[in-house]
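J.: Structure incoming, see below.
The values are calculated or read from the model by the stated rules, or taken from the named source; none is laboratory data. Given the structure is predicted, the values throughout are model-derived calculations rather than measurements. For neighbour counting, all protein chains shown are included, and Cβ atoms are generated from backbone atoms with ideal geometry for every residue, glycine included. Note: areas computed on protein heavy atoms with side chains; ligands, DNA, RNA excluded. Shrake-Rupley method; radii C 1.70, N 1.55, O 1.52, S 1.80 Å.
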Amino acid sequence: MSHSGILVVKFGGHAMSDNDGAFGKKLSSAVAQGLKVVIVHGGGPQINAALNKANISSQFVGGFRVTTPEIFDVVERVLSSEVGPQVAATLTESGVTALAISGRHSGTLFAEQQKKLVNGEAADLGLVGEVTSVDPAAIFVLLEKGVVPVISPVANNVIGNAGLNVNADIAAAAVAGAVKARELIIMTDVPGIYRNWPDTSSLIQEISAAELESIKSTFAEGMAPKVQACLDAIAAGASAVRIIDGRDPDAFAHALAHNGGTLVVA
């Protein structure tokens, strides 16, 4: 299989709204033109809602959710049994044959416990995984059949048989590298990477991985893992990464046509 035509899309929890149908339609026309697509989804808002309902409080450190065993059970259930199947169903209704698979149970994602933040600071994040390897076999089987894999970012712990919660941006980067994607599109709730957040005039249109690496410690909160994901994807073999506003279906159409957002190139 030629991997040059694989597009990996990180579908964010915040980007998943009424636009799912519009997103599906844009995707179905791209798939109809022969593009092979792999989706890795997040689910932050859905996980927050489930944790609130269960009266479990959670905290974020450096953009990562500190994950206790109790929180992990909720995270895995929400991602693998609720959000993934829902995304796949919406896509299928839009004419894209899609199947939700767990990064853990499909034997795709393998990780070890993450011990430090993007800026290098040590941190105890609990059951948060840093991807050590990706086995793309299940992904390729589905792509061969014309099916879009919708992957939940839960990984096998290489030490022991427990699962680990992987930041969805980082998981998407690992998958993009493993399938040597022509591009990773990260759908988020901002129009791209800002040099000086929140100054909207500081949106970066295109940046090399080397330059982004040199300024990565300046990014705050949820943007830090996204920036790290861009660098990881390119280091692992993806050709380019584009960060776009997933709340805007037109932004996705533009991204399919290689425009808009922030493009990070090797």
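J.: Within the stretch 101-192, report the GluC sites (Glu not before Pro) that DSSP leaves as loop and that have at most 16 other Cβ atoms within 10 Å.
T.: 121
J.: In percent, what relative contact order does the stretch 1-153 have, based on Cα pairs under 8 Å that are 6 or more apart in sequence?
T.: 28 percent
J.: Quick check: pseudo-label points 7 Å beyond the Cα along Cα→Cβ at residue 144 and residue 158, how many nm apart are they?
T.: According to this spin-label approximation, the distance is 2.6 nm.
J.: Please check: in the Gaussian network model of the chain (C-alpha springs, under 10 Å), which one of 146, 44, 34 has the largest mean-square fluctuation.
T.: Result: 34 has the largest fluctuation of those listed.
J.: Which stretch or stretches of the stretch 47-86 have amide N atoms under 14 Å from the point lying 7 Å from residue 119's Cα along the Cα→Cβ direction?
T.: Within reach of a label on residue 119: 61-64.
J.: Is the shape of the stretch 133-203 rounded, prolate or oblate, going by the alpha carbon gyration tensor and its root eigenvalues a ≥ b ≥ c, with a/c under 1.5 for rounded and a/b larger than b/c for prolate?
T.: Because a/c hits 1.5 or more and a/b fails to exceed b/c, the stretch 133-203 counts as oblate.
J.: To the nearest 0.05, what FRET efficiency results for residue 250 and residue 206 with a Förster distance of 25 Å applied to their C-beta separation?
T.: Between residue 250 and residue 206 the formula returns 0.80.
J.: May I pose another question? So which trypsin sites (Lys or Arg not before Pro) in the stretch 100-140 end up in coil per DSSP with only 13 or fewer other C-beta atoms within 10 Å?
T.: Those that pass, being in a loop and sparsely packed, are 115.
J.: Ignoring any ligand, DNA or RNA, what whole percent of the accessible area of the stretch 206-266 comes from carbon and sulfur when the probe is 1.4 angstrom?
T.: Carbon-and-sulfur percentage of accessible area, whole number: 50.
J.: Of all DSSP beta bridges located in the stretch 1-137, what percent are antiparallel, nearest 5?
T.: 55 percent
J.: Starting from the amide H of residue 116, placed 1.01 Å from N in the peptide plane, find each other amide H under 5 Å away whose residue is 5 or more places distant or on another chain.
T.: Amide H neighbours of residue 116: 123.
J.: Students often get this wrong, so check it: of 25/116; 145/180; 36/226, which have C-alpha atoms separated by over 28 Å?
T.: Pairs exceeding 28 Å: 25/116.
J.: If you don't mind, there's one more thing I want to ask. Ignoring any ligand, DNA or RNA, what whole percent of the accessible area of the stretch 50-205 comes from carbon and sulfur when the probe is 1.4 angstrom?
T.: 50 percent
J.: Taking a probe of 1.4 Å, how large is the accessible area per residue of the chain, in Å²?
T.: I get 42 Å² per residue for this part.
J.: If I model a spin label at residue 215 and residue 195 as a point 7 Å from the Cα along the Cα→Cβ vector, what separation in nanometres do I get?
T.: 0.5 nm
J.: Next question. For the chain, modelled as a GNM with alpha-carbon contacts under 10 angstrom, which of 232, 250, 199 fluctuates the most?
T.: So, out of 232, 250, 199, the one fluctuating most is 199.
J.: On to the next question. According to a simple spin-label model (label point 7 Å from Cα along Cα-to-Cβ), what is the distance in nm between residue 137 and residue 61?
T.: That separation, rounded to one decimal, is 3.6 nm.
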